[in-house]
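**Q** Below you'll find the structure I mean.
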Amino acid sequence: MTMTNVAAPLAQALAGKGYEALTAVQAAVLTEGVSGRDMLVSAQTGSGKTVAFGLAIAPEILGGQDRLLYADHPLALIIAPTRELALQVARELEWLYAGAGAKIATCVGGMDYRTEKRMLERGAHIVVGTPGRLRDHIDRRSLDLSGLKAAVLDEADEMLDLGFAEDLEFILAAAPAERRTLMFSATVPKEIEKLAATFQTDALRIVAQGESRQHVDIEYKAYSVAVRDREHAIFNILRFYESQTAIVFCKTRVNVNHLMARMGNRGFQVVALSGELSQQERTHALQALRDGRARVCIATDVAARGIDLPGLELVIHADLPSNSEILLHRSGRTGRAGKKGVSALIVAPAEFKKAQRLLQGAKVVAEWGAAPGADEVQAKDDLRILEHPLLLAGVGDDMDMAQGLLERFGAEAVAAGFVRMWREGRSAPEVLSSDQANPPQSAPPRERGEFGPSVWFRLSVGRAGRAEARWLLPKICDAGGIGKDGIGAIRVREDETFVQIAAPLADKFGARVSLIWTAPAPLRPSLSGLSVPNVRNAANRAGKSPPTRRNPRVWSTKTQAPPAPNR
């Protein structure tokens, strides 16, 4: 690998790590004319931004030397929002600057202050820390920033979300005004632009291109899910993929706590990350994920920033993100280092358009479909049993015991026992509503004008009775005992209305409406033999009033062919 604009010790470190080429954001901060300038950089998780700012501030740290001398004061300061991210950044910079002999000190909450003070007293070229602990060291005069040449604000948007603006102002006020300031942020809202104007001078705005290419190993799935099936769909997706580690994103900590309780009751090995946790609780949760005692993490966006989970293969968006950048940021936690990952969006009927906007804004293509049902999860389980490593390993030294089991219990009983033991501790697959049997394949049905297999029903009220789809819809749902996602087109004509019902719900719908009113024998389920006057007269003979806008009972019969749309 040839990098003429990278210092020799850093180039050697990159080569040693197997770098064949720089990522988009790394190349962007090294382009001609960038050196020495303040920068506001937007880059997604997994884009290599830690190495990027490590390379960007190399001129300020090395000063043209390949080997660093003792540092009376820190030359560079990296500020990160969370302890986990700060420690992760420190680990990255350690190998990157190892060849240059750089000493790196960390100052983060939850660690021994005295140990950190001793590290600073021994001389550190680079200090990495969290805002609160850095301010504490400055207040106690154990951290002197008078010689600082470069400052980096990592995940600046999250630091604002966590309320660190005042701490950042205090910290940077203790550094020389002529320092170089770099801000890295996954998203750049107006608040970040205002922060940049406060802390930076004539900053160069860099939008790292190619983030979508960073996600080539991520398979996007969009699951059409009825509102009542949201949680069951999440459980089935987790069971279907059985990933080593999975993360489920929720909007609020209330949602996090609720979902964690539901999953815990079903036997999932789960931990939660939200703003209400103490640092110790957060550390224990992350450690449980890293050592395998937990396999699922439920988290809010803010609480999950900066965490690096090993073997993360599945990201589930239980609540859709607020924008496309957050979608990419969440999803970028999987599909890293050449490994494959899945990003699954849970999409309720009312969220179809929002989901499409998010995907289009992120420039990714998702495969639309139904969430895995109980049969699919069970089939996946059966396949895993057949491929179980213990069955493929051969008999070996257990031959005598194996023969003894077969002689005593028989082959069928032994096999059945193995299956039951394998299934212990796994939650049973959830049975989802049948109205999700025909999901959209590549886009929501309301967007494409497609509804899959369906049955048309005729209602004996139309425009003459002031019928409108908007007030018919809830009445149809109530009468038929179905959700609005099971209803396709509603075509209102002068004296009649045709309603498209998903095929799996047709029998249920027909049975429910027949309890309201059953058509007399002369009335047949056909378009030609069923006139509105006959229906209304029959209703009157049965002692029932005809449907009106104020009393919109559903008189319904099934039709064999869908009517032509209104022109």
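**Q** Residue under question is Leu259, and the condition is that it be assigned by TED's automatic domain parsing to the domain that holds Leu320, free of Cβ contacts under 8 Å to residues at least 40 places away in the same chain and buried (at least 19 other Cβ atoms within 10 Å of the Cβ); does it hold?
**A** no
**Q** Looking at the stretch 58-73, which of its residues are surrounded by fewer than 15 Cβ atoms within 10 Å (Cβ to Cβ) and within 22 Å of Val6 (Cβ to Cβ)?
**A** So the first thing to find is which residues in the stretch 58-73 are surrounded by fewer than 15 Cβ atoms within 10 Å (Cβ to Cβ), and the list is 63-67, 69-70, 72.
Of everything in the stretch 58-73, those that are surrounded by fewer than 15 Cβ atoms within 10 Å (Cβ to Cβ) and within 22 Å of Val6 (Cβ to Cβ) turn out to be Gly63, Gly64, Gln65, Asp66, Arg67, Leu69.
**Q** Give the stretch 121-139 a look and list any residue that's part of a helix (DSSP H, G or I) and more than 37 Å from the chain's Cα centre (by Cα), or say none.
**A** Residues satisfying the conditions are Glu121, Ile138, Asp139.
**Q** Identify, by number, the condition in (1) at negative phi; (2) surrounded by fewer than 17 Cβ atoms within 10 Å (Cβ to Cβ); (3) of a type outside the set (Lys, Arg) that Gly123 doesn't meet.
**A** All conditions are met except number (1).
**Q** Kindly evaluate Asp136 against the criterion of being surrounded by 15 or more Cβ atoms within 10 Å (Cβ to Cβ), over 28 Å from Asp66 (Cβ atoms) and either hydroxyl-bearing (Ser, Thr, Tyr) or touching a Cys at 6+ places or on another chain (Cβ under 9 Å) (or both).
**A** Here the answer is yes, as Asp136 does meet what is asked.
**Q** Now for a different question. Every residue in the stretch 60-113 that is over 38 Å from the mean Cα position of the chain (by Cα) and among the small types (Gly, Ala, Ser), please.
**A** Within the stretch 60-113, Gly63, Gly64, Ala71, Ala100, Gly101 meet the criteria.
**Q** For the stretch 322-379, how many residues meet the condition of being among the small types (Gly, Ala, Ser) and surrounded by 17 or more Cβ atoms within 10 Å (Cβ to Cβ)? Can you show your working first?
**A** Keep residues of the stretch 322-379 that are among the small types (Gly, Ala, Ser), which gives 322, 324, 331-332, 335, 337-338, 341, 343-344, 348, 350, 355, 361-362, 366, 369-371, 373-374, 379.
Now restrict to residues that are surrounded by 17 or more Cβ atoms within 10 Å (Cβ to Cβ): 324, 331-332, 335, 341, 343-344, 348, 355, 362, 366, 370-371, 373.
Number of matching residues: 14.
**Q** Please specify each residue of the stretch 115-133 satisfying the condition of being without any contact (Cβ under 8 Å) to a residue 40 or more places away in the chain and among the β-branched types (Val, Ile, Thr).
**A** Thr115, the sole residue that qualifies.
**Q** Would it be correct to say that Ala196 is out of contact with any Phe, Trp or Tyr (no Cβ under 6 Å at 6 or more places or on another chain), at pLDDT 90 or above and hydrophobic (A, V, I, L, M, F, W, C)?
**A** no
**Q** Which condition breaks for Arg466 when tested against (1) of a type outside the set (Ser, Thr, Tyr); (2) surrounded by 19 or more Cβ atoms within 10 Å (Cβ to Cβ); (3) over 18 Å from Val513 (Cβ atoms)?
**A** For Arg466, the exception is condition (2).
**Q** Go over the candidates Ala151, Ala177, Ala76 one by one and state the one that is closer than 30 Å to Asn5 by Cβ, at pLDDT below 95 and not charged (D, E, K, R).
**A** It is Ala177.
**Q** Still on this structure, please answer the following. For the condition on the phi > 0 side of the Ramachandran plot and among the small types (Gly, Ala, Ser), what is the one hit in Gly63, Gly54, Gly16?
**A** Gly63
Conditions (1) under 17 Å from Ala80 (Cβ atoms); (2) acidic (Asp, Glu); (3) in a loop (DSSP other than H, G, I, E, B), marked per residue:
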residue	(1), (2), (3)
Ser35	no, no, yes
Phe53	yes, no, no
Ile61	no, no, no
Arg67	no, no, yes
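**Q** Just wondering, is there one or more residues in the stretch 95-110 that are more than 17 Å from Phe184 (Cβ to Cβ) and modelled with pLDDT under 90?
**A** yes
**Q** Now for a separate question. In the stretch 276-297, is there at least one residue being closer than 23 Å to Gly361 by Cα and either touching a residue at least 40 places away in the same chain (Cβ under 8 Å) or in a loop (DSSP other than H, G, I, E, B) (or both)?
**A** Taking every residue of the stretch 276-297 in turn, none turns out to be closer than 23 Å to Gly361 by Cα and either touching a residue at least 40 places away in the same chain (Cβ under 8 Å) or in a loop (DSSP other than H, G, I, E, B) (or both).
**Q** Scan Met183, Met159 and give me the residue that is more than 12 Å from Asp38 (Cβ to Cβ) and buried (at least 21 other Cβ atoms within 10 Å of the Cβ).
**A** Met159
**Q** State the number of residues belonging to the stretch 139-156 that are surrounded by 19 or more Cβ atoms within 10 Å (Cβ to Cβ) and under 16 Å from Ala76 (Cβ atoms).
**A** The total comes to 9.
**Q** Here's another thing I want to ask about it. Name the one entry in Asp66, Asp112 that is touching a residue at least 12 places away in the same chain (Cβ under 8 Å) and either acidic (Asp, Glu) or outside the structural domain of Ala151 (by TED's automatic domain parsing) (or both).
**A** Step by step, each of Asp66, Asp112 is checked, and only Asp66 is touching a residue at least 12 places away in the same chain (Cβ under 8 Å) and either acidic (Asp, Glu) or outside the structural domain of Ala151 (by TED's automatic domain parsing) (or both).
**Q** How many of the residues making up the stretch 172-200 are touching a strand residue (DSSP E or B) at 6+ places or on another chain (Cβ under 7 Å), within 27 Å of Arg118 (Cα to Cα) and either outside any loop (DSSP other than H, G, I, E, B) or of a type in the set (Asp, Glu) (or both)?
**A** Total satisfying the criteria: 3.
**Q** Just to verify a result, which residue in the stretch 481-498, among those that are within 23 Å of Ala464 (Cα to Cα) and small (Gly, Ala, Ser), is nearest to the chain's Cα centre (by Cα)?
**A** Gly488
**Q** Taking Arg118 and the conditions (1) part of a helix (DSSP H, G or I); (2) buried (at least 16 other Cβ atoms within 10 Å of the Cβ); (3) not hydroxyl-bearing (Ser, Thr, Tyr), which numbered condition does it fall short on, given that it satisfies the others?
**A** With (1) part of a helix (DSSP H, G or I); (2) buried (at least 16 other Cβ atoms within 10 Å of the Cβ); (3) not hydroxyl-bearing (Ser, Thr, Tyr) applied to Arg118, the lone miss is (2).
**Q** Something else: Determine, yes or no, whether Arg266 is without any contact (Cβ under 8 Å) to a residue 60 or more places away in the chain and touching a Ser or Thr at 6+ places or on another chain (Cβ under 6 Å).
**A** No.
**Q** Same structure, new question: Which condition number in (1) modelled with pLDDT of 90 or more; (2) over 26 Å from Asp202 (Cα atoms); (3) buried (at least 21 other Cβ atoms within 10 Å of the Cβ) is the one that Gln12 fails?
**A** (3)
**Q** Before we move on, is Leu40 over 25 Å from Ala165 (Cβ atoms), in contact (Cβ under 8 Å) with a residue 24 or more places away in the chain and surrounded by 22 or more Cβ atoms within 10 Å (Cβ to Cβ)?
**A** On the way: over 25 Å from Ala165 (Cβ atoms): no; in contact (Cβ under 8 Å) with a residue 24 or more places away in the chain: yes; surrounded by 22 or more Cβ atoms within 10 Å (Cβ to Cβ): yes.
In short, no.
**Q** Something else about it: Among the residues in the stretch 232-252, are any modelled with pLDDT under 90, crowded, with 22+ Cβ neighbours inside 10 Å, in a strand (DSSP E or B) and at negative phi?
**A** The answer is no; no qualifying residue exists.
**Q** Which one of Arg426, Arg384, Arg420 is assigned to a helix (DSSP H, G or I) and touching a residue at least 40 places away in the same chain (Cβ under 8 Å)?
**A** Arg384
**Q** Separate question: So which residues in the stretch 88-115 are of a type in the set (A, V, I, L, M, F, W, C) and crowded, with 18+ Cβ neighbours inside 10 Å, if there are any at all?
**A** Residues of the stretch 88-115 of a type in the set (A, V, I, L, M, F, W, C): 89-90, 93, 95-96, 98, 100, 102, 104-105, 107-108, 111.
Selection gives Val89, Ala90, Leu93, Leu96, Ala100, Ala102, Ile104, Ala105, Cys107, Val108.
**Q** Give the stretch 387-433 a look and list any residue that's hydrophobic (A, V, I, L, M, F, W, C), within 31 Å of the chain's Cα centre (by Cα) and over 24 Å from Arg293 (Cα atoms), or say none. Let's see the steps before the verdict.
**A** Pass one, the stretch 387-433, residues hydrophobic (A, V, I, L, M, F, W, C): 390-393, 395, 399, 401-402, 405-406, 409, 411, 413-416, 418-419, 421-422, 428, 431-432.
Now restrict to residues that are within 31 Å of the chain's Cα centre (by Cα): 422, 428, 431-432.
If the condition is that a residue be hydrophobic (A, V, I, L, M, F, W, C), within 31 Å of the chain's Cα centre (by Cα) and over 24 Å from Arg293 (Cα atoms), then Val431, Leu432 are the ones that fit.
The values are calculated or read from the model by the stated rules, or taken from the named source; none is laboratory data. In this text, all values refer to a predicted model and were calculated from it rather than measured experimentally. For neighbour counting, all protein chains shown are included, and Cβ atoms are generated from backbone atoms with ideal geometry for every residue, glycine included.
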